[in-house]
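Here's the structure, in structure tokens; my notes come after.
The values are calculated or read from the model by the stated rules, or taken from the named source; none is laboratory data. All figures in this text were calculated on a predicted structure; none of them were measured in a lab. In this analysis, Cβ positions are derived from the backbone assuming ideal geometry, glycine residues included, and neighbour counts consider all displayed protein chains.
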């Protein structure tokens, strides 16, 4: 069984990192929290390119790099999604289990370590 990032709730940390990187005045003028959450699971670079205003004001690759650094600095606040973790642990008793992390495997692995 493969889990795709659902073991740790990192969306609040991504939201904070985006706001810190882009500045709340720029960010709040473009993105609501609900709209941002609709991008759950989408890579940072694609989110940066999703907004015409962000693209005009900031280089998407630079945004991605700095935003990921800010995100990693906040990982100590990551929370496990306990029902999913408990399910994964029960499945692991009888089946192989792994977790995929997307583009930034380091941040995925680090989020699991920080939240554990």
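Of note:
- Answer residue from the stretch 42-55, given it is at pLDDT 80 or above and outside any helix (DSSP H, G or I) and is surrounded by the fewest Cβ atoms within 10 Å (Cβ to Cβ) among those: 42
- Where helices (runs of 4 or more DSSP H) fall wholly inside the stretch 56-116, the ranges with 2 or more residues that are at pLDDT below 85 and surrounded by 12 or more Cβ atoms within 10 Å (Cβ to Cβ) are 60-73, 105-115.
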